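The values are calculated or read from the model by the stated rules, or taken from the named source; none is laboratory data. Computed from a predicted model, the values in this text were never measured in an experiment. Quick reminder, even Gly has a Cβ in these numbers, built from the backbone with ideal geometry, and neighbours come from all protein chains shown. We work out accessible area using only protein heavy atoms, side chains counted, and drop any ligands, DNA or RNA first. Shrake-Rupley method; radii C 1.70, N 1.55, O 1.52, S 1.80 Å.
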Amino acid sequence: MSDSVIRAAHDVLIVGGGGAGLRAAIAIAETNPGLDVAVVSKVYPMRSHTVSAEGGAAGVIADDDSLDEHCYDTVSGSDWLGDQNAIEAFVREAPRELLQLEHWGCPWSRQPDGRIAVRAFGGMKKKRTWFAADKTGFHMLHALFQTSLRYAEVTRYDEEFVTRLLVDDGRVHGAVAIGLMSGRIQAITAKAVILCTGGCGKVFPFTTNANINTGDGMALAYRAGAPLEDMEFVQYHPTGLPFTGILITEAARAEGGWLLNKDGYRYLQDYDLGTPTPTPELRSMELGPRDRLSQAFVHEVEKGRAADSPYGPVVHLDLRHLGEALIDAKLPFVRELCLKYERIDPVHELVPVRPVVHYMMGGVSTDIDGATPLGGLYAAGETACVSINGANRLGSNSLPECLVFGARAGRAAAEYASAAGSTPSVVEAQATDEVRRLERDLLGKRPGGESIAAVREDMQATMEEAAGIFRTGPAMAKGADTLAELQERIGDVDLADTSRSFNTELLAALELANMLDISECILQAGMQREESRGAHQRTDFPARDDERFLTHLLVHRNPDGRSRIEHMPVTITRWVPGERVYGR
Amino acid sequence: MADSIRLQVSRYRPDTDAEPHWQEYDVPLRKEWTVLDGLNHVKNEIDPTLSFRWSCRMGICGSCGMDVDGEPKLTCGTFLTDYEPGPVTVEPLANFPVVRDLVVDLSDFMAKLPRVKPWIIRDDDHRTVEPDVEYLQTPEELDAYKQFSMCINCMLCYAACPVYGLDPEFIGPAAIALAERYDLDSRDQGTRERLDVLIEHEGVWGCTFVGECTRVCPQHVDPAAAIQRYKLKAAMATVKAFLLPRGGR
Ligand SMILES: Cc1cc2nc3c(=O)[nH]c(=O)nc-3n(C[C@H](O)[C@H](O)[C@H](O)COP(=O)(O)OP(=O)(O)OC[C@H]3O[C@@H](n4cnc5c(N)ncnc54)[C@H](O)[C@@H]3O)c2cc1C
Ligand code: SF4
Ligand code: FES
């Protein structure tokens with residue numbers, strides 16, 4: 001078997017072993033234990049970037065809370081671009097998913113009587129964010145991974161990198177993957193494929209995202225013919241550490257932290273976000289939504305009221321008044337990260353912070369069961385766009401999104417796979433083509449003189465310049481031109497490493513190609529959206545324009561490789577578009 | 001502070017090299033640079049063929065463990081300035097087969113992990129329990145196992161463990177800590193099943209309490225304490241089984 005281009009056949013193949021991928025795998029194993037499911041992941045599953053989520057996961061559980069309020073906060077947080085049918089399903093199913101995780105061992109922080117504790121979070125009117133101190137993602141991912149080990153029927157391909165989806169006649173039939181250790185390039189066929197490959201923060205130079213967040217799943221789907229949705233919406237988190245971009249979780253503000261400019265002034269009061277109170281007010285000031293807070297930072301810089309740092313302008317996060325006991329109980333990781341990477345102790349000192357690229361609202365367009373328009377192809381988690389996040393995601397909605405839609409996609413894919421026919425033989429030829437492309441065009445190529453790192457840096461700088469917190473049409477157009485040049489240059493990339501074993505340079509080249517395609521989609525959609533909404537703020541079109549743009553933009557790939565944009569209506573069930581009001 | 005520092009990096013490519021050899025690189029010495037930043041500088045600017053694992057660069061994914069100056073470390077949390085004036089050696093984690101350069105083969109640990117049944121086991125739950133309500137757990141009950149739940153599977157403790165170095169069958173510090181994590185969880189009833197596994201020769205008995213695992217652990221998991229507790233538990237169970245041959249455990 002090992003010499004054949006087809007390595008194995010499964011019913012469902014999940015690409016990605018983070019929160020969404022593992023949840024999908026368990027859902028399939030539980031709904032239909034007879035199905036053969038496999039998870040392929042470019043890192044060991046417990047290394048997936050879900051591990052780094054800090055603050056928490058939202059789900060209505062408190063007595064004074066209601067599903068409608070969580071829906072409303074999410075809808076208004078999305079600047080009315082989220083699909084309300086998806087949001088309603090999400091809000092309804094999130095608490096049960098979080099309880100399920102509790103039953104699987106997740107060490108949620110508790111109230112004295114043993115019930116689940118919840119904390120405040122930005123843009124949320126009630127306390128509904130479940131947390132495991134400030135290592136929520138770490139505990140969730142390890143609980144999911146360890147629980148998944150129970151299901152012997154789940155095959156894992158750890159440290160294998162998917163390079164292409166196999167598609168015939170409008171249906172997906174599997175994927176080609178490189179085994180990092182062995183260097184083997186082979187196809188794994190499947191009746192259904194679920195993409196759970198996470199975000200694409202690495203498209204930008206300064207990000208909270210890990211090295212692996214290169215948007216591979218988005219690029220795989222896009223090239224296979226499935227459209228990407230809401231790609232122009234990139235979330236900047238207001239509080240990243242300068243230089244590293246390491247995230248200081250919003251929980252720091254939820255627990256009572258303040259944002260100060262260089263004069264020690266809580267500047268958010270100048271930006272229609274409410275008035276300062278000593279203890280945190282929900283949906284107000286420091287607990288406003290991320291898009292508005294990141295925008296306020298830029299205005300402070302323009303007014304000359306930000307502080308200087310070796311890595312550019314910063315503001316300060318003040319946690320000192322919270323006291324050591326609270327910080328150690330609720331924010332121990334924040335303290336550890338500040339001490340290690342800034343040599344600053346937040347118990348006694350101000351923490352320098354600045355906005356940092358954090359989350360991708362857009363992704364592979366799916367319905368509320370994770371299905372894409374391409375037969376047998378599903379997506380869930382950050383790589384998908386259902387869309388519950390619309391123009392701006394609320395913090396702590398994406399971990400439960402991974403659970404709810406991971407499980408939904410898993411169940412839907414299981415059903416599809418149970419009914420699907422066998423794999424057509426043309427797939428083998430496609431796989432052979434892909435193996436040849438990788439071996440001849442990449443590994444066996446004559447050096448062209450371009451370095452991967454140089455092209456990557458130019459792409460990141462271009463995206464920061466063109467698709468930052470504030471954007472303009474001409475800047476995006478210029479960025480798109482530069483990207484076209486980079487697409488040419490990547491053809492000349494020189495792979496110095498021709499080894500088969502653990503060739504991380506080959507991976508970097510493939511990831512870069514993925515990121516260039518995604519960058520282009522972000523800018524194309526951004527140029528088309530001539531309005532300001534949520535995280536997409538255009539100084540040349542400063543107002544929201546529901547008349548023209550209360551719509552999703554879908555980016556399709558034409559056969560010639562160029563992109564094409566279509567509109568898709570927003571689903572509105574109960575909340576008519578209104579003004580986003582915070583702090584009032 | 002000098003403006004550069006020399007990294008002495010262990011290189012090995014199975015397709016071309018018979019054995020590992022050293023290669024030296026000078027990298028900028030900056031106060032905020034970690035050993036991982038130094039390696040990435042090499043990869044991006046000097047020698048793209050160097051292979052190593054990393055991802056989160058914030059000490060939580062567990063990918064970037066290597067031996068730095070002979071000590072197992074997370075390279076994303078280890079600062080170059082601590083090794084001034086250099087040179088500083090960077091090698092793959094000890095006690096594991098080397099795949100390539102700084103990348104080691106973790107298959108052994110990945111195979112051992114499921115053996116300790118690191119999941120909640122309950123008499124009432126075969127597979128799914130559709131949950132409507134949480135299992136109550138007080139903050140004190142949470143504290144009882146919390147420390148052992150902080151393991152990031154970085155394998156530094158295996159690299160430091162003299163027993164694992166001699167007897168690869170030894171199930172090892174992190175796996176035992178994880179077994180103890182679930183045993184101590186008030187929601188779990190699986191102690192007996194795990195004990196059956198760990199009581200075997202290669203389970204807990206190999207450990208001679210050197211305590212190196214606890215010393216190198218970046219998450220303060222204290223696997224040595226877990227092993228100690230488990231040995232006690234296993235000894236008690238053995239005594240009980242001797243005294244009460246039926247169902248003593
Ligand atoms: C620092 C940080 C903190 C956060 N904090 C919070 C929070 O407090 N609350 C909240 O709700 N959200 C938070 N988020 C967002 C949230 O963590 C992510 O959106 C979510 O974890 C994404 O999970 P995922 O399963 O979609 O992807 P990931 O966990 O990123 O997993 C992606 C998987 O895909 C695999 N993969 C990718 N490409 C390939 C390929 N080509 N071949 C094979 N496998 C591949 C990877 O190996 C990995 O297993 C945070 C994000 C960051 C960056
Ligand atoms: S116990 Fe500590 S050293 Fe060992 S793998 Fe876990 S975190 Fe790493
Ligand atoms: S890179 Fe994740 S722990 Fe070091």
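Extent along the principal axes, Cα only, for the protein assembly as shown: 81, 67, 65 Å, with the longest axis given first.
Run the accessible area of the range B:82-192 with a 1.4 Å probe and give the carbon-and-sulfur part as a rounded percent. Answer for the range B:82-192 is 52 percent, counting heavy atoms of protein chains only. Only protein heavy atoms count here; on that basis, with a 1.4 Å probe, A:Arg343 has an accessible area of about 120 Å². Cut-off 16 Å, label point 7 angstrom out along Cα-to-Cβ of A:Glu30: give me the residues of the range A:373-407 whose amide nitrogen falls inside. Residues A:400-407 qualify, since their backbone N sits under 16 Å from the label point. Here's the picture: a label point sits 7 Å out from the Cα of A:Thr539 along the beta-carbon direction, and within the range A:294-317 the residues with their amide nitrogen under 20 Å of it are A:294-307, A:312-315. Interface size, chains A and B: roughly 5900 Å² of accessible area buried, both sides included, 1.4 Å probe, rounded to the nearest 100. Our summary gives the range A:238-357 a relative contact order of 34 percent, counting only alpha carbon pairs under 8 angstrom and 6 or more residues apart. Compared with its chain on its own, the range A:124-142 contains the following residues whose accessible area drops by 10 Å² or more in the full protein assembly (probe 1.4 Å; ligands, DNA and RNA excluded): A:Ala133, A:Lys135, A:Phe138, A:His139, A:His142. Only Cα pairs under 8 Å and 6+ residues apart enter the sum, and on that basis the relative contact order of chain A stands at 22 percent.
Per residue of A:416-426, other chain Cβ atoms within 10 Å of the residue Cβ number 0 on average. For chain A, take the longest principal axis of its alpha carbons; what is the angle in degrees between that and the long axis of helix A:504-528, to the nearest 10 within 0 to 90? The helix A:504-528 is inclined about 60 degrees to chain A.
Within a straight-line Cα-Cα reach of under 16 Å, A:Lys135 can be paired with the following lysines, leaving aside sequence neighbours fewer than 8 residues apart in one chain: A:Lys330, B:Lys146. Spatial offset of the range A:255-314 relative to the range A:43-89 amounts to 24 Å, using the alpha carbon center of each. With a Förster radius of 30 Å applied to the C-beta separation of A:Arg446 and B:Thr16, the computed FRET efficiency comes to 0.95.
Helix A:452-466 and the long axis of chain A differ in direction by around 40°, with both axes built from C-alpha atoms.
Please give me the summed charge of the neighbours of B:Cys76: other residues whose Cβ is under 11 Å from its Cβ, Lys and Arg +1, Asp and Glu -1. Its environment carries a net charge of +3. Annotation: the antiparallel percentage among DSSP beta bridges lying fully within the protein assembly as shown is about 70. Of the two radii for the range A:434-584, the radius of gyration is 1.09 times the Kirkwood radius, both from the alpha carbons; that is the Rg over Rh value. Once you reduce the range A:210-229 and the range A:368-418 to the center of their Cα atoms, the two points are 14 Å from each other.
Label separation (A:Val576 vs A:Ser4): 6.1 nm, computed from points 7 Å beyond Cα along the C-beta direction. Need the list of lysines near A:Lys303 for cross-linking: C-alpha distance under 18 angstrom, and skip anything on the same chain fewer than eight residues off. Leaving aside lysines fewer than 8 places away in the same chain, those within reach of A:Lys303 are A:Lys262. Placing pseudo-labels 7 Å out from each Cα toward the beta carbon at B:Ala2 and A:Arg343 gives an inter-label distance of 1.9 nm.
A simple spin-label model places the labels of B:Arg192 and A:Asp113 3.4 nm from each other, with each point 7 Å out along Cα-to-Cβ.
Rg and Dmax, both from the Cα atoms of the range A:332-388 and both in Å, are 19.2, 57. Extent of the range A:238-357 along its three principal axes (Cα atoms, max minus min coordinate, largest first): 33, 32, 25 Å. Take the Cα radius of gyration of the range B:133-194 and divide it by 2.2 N^0.38 Å, N being the number of residues; the result is 1.34.
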